[in-house]
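The values are calculated or read from the model by the stated rules, or taken from the named source; none is laboratory data. All figures in this text were calculated on a predicted structure; none of them were measured in a lab. Neighbour counts run over all protein chains shown; Cβ positions are idealised from the backbone, glycine included.
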Amino acid sequence: MTTKGTRRQFKPGFKKDAAALVSEQAYSLSKAAEAAGTTANNLRRWIKELKQGESGVRLDAGERAELDRLRREIKQFRMEK
């Protein structure tokens, strides 16, 4: 019988530093992931998330809350018709 492990959580600064190994120091994805103590898939996702955040594609918490609120309002208005 195996026990479930807990998922490791990494701070945003750590993720940014790990991503910088690939983008700024020309590490390969696998070598950077190994140096950071994570998987290549995690590092690939962190790089993608950082790029989206820098380009404005990704919504911050306030924008997400506003979007959810507006979607609820639209749904309510459609039901009132």
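Of all residues in segment 46-75, those being under 30 Å from Ser30 (Cα atoms) and small (Gly, Ala, Ser) number 3.
Does any residue of segment 5-17 turn out to be under 13 Å from the mean Cα position of the chain (by Cα), surrounded by 13 or more Cβ atoms within 10 Å (Cβ to Cβ), part of a loop (DSSP other than H, G, I, E, B) and not aliphatic (A, V, I, L, M)? Outline the logic, then answer.
Quick first cut of segment 5-17, residues under 13 Å from the mean Cα position of the chain (by Cα) only: 9-16.
Then keep just the ones that are surrounded by 13 or more Cβ atoms within 10 Å (Cβ to Cβ); that gives 10, 14-16.
Keeping just the survivors that are part of a loop (DSSP other than H, G, I, E, B) gives 10.
Right, trim to not aliphatic (A, V, I, L, M) and you get 10.
There is at least one residue in segment 5-17 that is under 13 Å from the mean Cα position of the chain (by Cα), surrounded by 13 or more Cβ atoms within 10 Å (Cβ to Cβ), part of a loop (DSSP other than H, G, I, E, B) and not aliphatic (A, V, I, L, M).
Looking across segment 35-72, the residues that are under 21 Å from Ala18 (Cβ atoms) and of a type in the set (A, V, I, L, M, F, W, C) come down to Ala35, Ala36, Ala40, Leu43, Trp46, Ile47, Leu50, Val57.
Those helices (runs of 4 or more DSSP H) of segment 26-81 in which at least 1 residues are under 12 Å from the mean Cα position of the chain (by Cα) and polar (S, T, N, Q), considering only elements entirely within it, cover 40-55. If you check Arg58 against the conditions, is it of a type in the set (D, E, K, R), surrounded by 10 or more Cβ atoms within 10 Å (Cβ to Cβ) and at pLDDT 95 or above? Taking the combined requirement at face value, the residue does not satisfy it.
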